[in-house]
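**Student:** Mind looking over this structure? Questions follow.
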Amino acid sequence: MIAIIRITGMVDKNKDIAETLHRLRLRRKYSCVVVEENKVVKGMLKKVRSFVAYGKIDEETLKELVKKRGQKLDKKKEIGKLDGLKFKEANLKPFFRLHPPRGGINSKQHFPKGVLGNHKEKINDLIRRML
C-alpha cells in the first residue's frame with residue numbers, strides 16, 4: 001500500500017496536473033490517501049511527483065491514521081474493521097486531512113534534500129509528524 005500526501009497548493013498548476021490530483025482524491029493541501037500499488041497509480045505518481053510526497057505505509061501507521069484522522073461516511077454508524085483498503089465497508093471516507101508537519105518542511109525539493117517525491121519507508125515518519 002502506498003500513502004500519498006499532497007504538499008503544494010493549487011496556485012498556477014497545469015490543468016493536467018490538477019486533474020490527476022483530483023482523481024487521486026488529493027483536492028486540498030496536506031490531504032492524504034492510501035491506495036494499492038499498481039501500474040495506473042505509478043503513472044499518476046510519475047506525473048505529480050513534484051507536488052506530492054509518497055511511500056510505502058506500514059500497518060501500524062495506517063491504524064494510527066485511521067484512529068486519529070478517519071472520518072465517518074455515515075455519522076450514525078460505527079467505524080468498522082478495516083480489511084485491506086475497503087473504506088466504504090468500514091464506514092470511512094477514502095482520504096485523510098492532516099496537519100502541517102511538526103517541525104515544519106525543510107524544503108520543497110525532492111526527497112534527499114526536501115519533502116517531495118518518493119520517501120519509501122520514511123513516509124511513516126512524515127505521517128506521524130502530521131497527525
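The values are calculated or read from the model by the stated rules, or taken from the named source; none is laboratory data. Model, not experiment: these values are computed from the prediction. Note: ideal-geometry Cβ built from the backbone for every residue, glycine included; neighbour counts use all protein chains shown.
**Student:** Considering only residues that are closer than 23 Å to Lys13 by Cα and surrounded by fewer than 16 Cβ atoms within 10 Å (Cβ to Cβ), which ones fall in region 50-62?
**Tutor:** Listed by number, the list holds a single entry, Ser50.
**Student:** Going by what's in this entry, would Val33 be described as assigned to a helix (DSSP H, G or I) and either closer than 28 Å to Gly104 by Cβ or at pLDDT 85 or above (or both)? Spell out how you get there, then give the answer.
**Tutor:** Numbers: assigned to a helix (DSSP H, G or I): no; either closer than 28 Å to Gly104 by Cβ or at pLDDT 85 or above (or both): yes.
Criteria not met by Val33.
**Student:** Hey, any hits in region 3-16 for a residue that's among the polar types (S, T, N, Q) and in a loop (DSSP other than H, G, I, E, B)?
**Tutor:** Residues of region 3-16 that are among the polar types (S, T, N, Q), as a first pass: 8, 14.
Add one more test, that the residue is in a loop (DSSP other than H, G, I, E, B), and what stays is 8, 14.
Yes: region 3-16 contains one or more residues that are among the polar types (S, T, N, Q) and in a loop (DSSP other than H, G, I, E, B).
Residues checked against (1) within 23 Å of Gly117 (Cα to Cα); (2) surrounded by fewer than 12 Cβ atoms within 10 Å (Cβ to Cβ); (3) among the small types (Gly, Ala, Ser):
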residue: Ile4; (1), (2), (3): yes, no, no
residue: Val11; (1), (2), (3): yes, yes, no
residue: Leu24; (1), (2), (3): yes, no, no
residue: Val48; (1), (2), (3): yes, no, no
residue: Lys72; (1), (2), (3): no, no, no
residue: Lys76; (1), (2), (3): no, yes, no
residue: Phe87; (1), (2), (3): no, no, no
residue: Phe95; (1), (2), (3): yes, no, no
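**Student:** Could you run through region 97-121 and say how many residues are in a loop (DSSP other than H, G, I, E, B), exposed (fewer than 13 other Cβ atoms within 10 Å of the Cβ) and either at pLDDT 70 or above or in contact with a Ser or Thr (Cβ under 6 Å, 6 or more places away or on another chain) (or both)?
**Tutor:** Matching residues across region 97-121 total 8.
**Student:** Among the residues of region 68-79, is there at least one that is free of Cβ contacts under 8 Å to residues at least 12 places away in the same chain and more than 11 Å from the chain's Cα centre (by Cα)? Don't jump to the end; show me each part of the working.
**Tutor:** Within region 68-79, the first condition is being free of Cβ contacts under 8 Å to residues at least 12 places away in the same chain, and the residues that meet it are 75-76.
Checking the rest, the ones that are also more than 11 Å from the chain's Cα centre (by Cα) come to 75-76.
The answer is yes; a qualifying residue exists.
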